[in-house]
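Here the structure is laid out as structure tokens; the discussion comes afterwards.
The values are calculated or read from the model by the stated rules, or taken from the named source; none is laboratory data. Being a predicted model, the structure only gives us computed values, none of them experimental. FYI the Cβ positions are ideal-geometry reconstructions off the backbone, even for glycines, and counts take in every protein chain you see. SASA here: full protein model, heavy atoms, side chains in, ligands and nucleic acids out. Shrake-Rupley method; radii C 1.70, N 1.55, O 1.52, S 1.80 Å.
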Amino acid sequence: MSSSRSIEIIPRESADRGQADHGWLKTFHTFSFASYDDSQHGSFGSLRVLNEDRVAAGTGFGTHSHREFEIFSYVISGELEHQDSMGNTEVLSRGDVQMTSTGT
């Protein structure tokens, strides 16, 4: 006997999500994240964070760590440079995808 499962996709426009404007970074949080707390949108199974980040040219996140995460980055426009703690650098362009595994 097979079971049928379906996934319901519910679009959330940027304007409907948690937002923060740090000047160099405009971010939109689909789930509760940082100072955005929405009991209706806490997470989706093991998916904890789904953010849309708009990073101003010539700026970005400083060195920071992640522990036990799988990170998926997709560049919509421009370029994004990522350097890991081992000194590896990668420049992603429009349409590029990067998968990053952290921790053990």
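Of the solvent-accessible surface of segment 62-103, computed with a 1.4 Å probe over protein heavy atoms with every protein chain present, carbon and sulfur atoms account for 48 percent. Less than 5 angstrom separates the built amide H of residue 96 from those of 75, all sequence-distant by 5 or more or on a different chain. Evaluated at q = 0.23 Å⁻¹, a Debye calculation over the C-alpha positions of the chain (equal weights, vacuum) places log10 I(q)/I(0) at -1.51. The relative contact order of segment 40-104 comes to 32 percent, based on Cα pairs under 8 Å that sit 6 or more residues apart. In this structure, residue 71 and residue 4 have a Cβ-Cβ separation that, at R0 = 22 Å, corresponds to a calculated FRET efficiency of about 0.10. For segment 18-104, the list of GluC sites (Glu not before Pro) that fall in a loop by DSSP and count at most 15 other C-beta atoms within 10 angstrom reads 68. Its Kirkwood hydrodynamic radius, worked out from the mean inverse distance over all distinct Cα pairs, puts segment 62-103 at 11.1 Å. In a DSSP loop and with at most 11 other Cβ atoms within 10 Å, the trypsin sites (Lys or Arg not before Pro) in segment 1-96 are 5, 67, 94. Exposed loop sites, defined as chymotrypsin sites (Phe, Trp or Tyr not before Pro) outside DSSP H, G, I, E and B with at most 16 other Cβ atoms within 10 Å, are absent from the longest region of the chain, namely 25-60. Once the 1.4 Å probe is applied to the protein heavy atoms, the chain comes out at 84 Å² accessible per residue.
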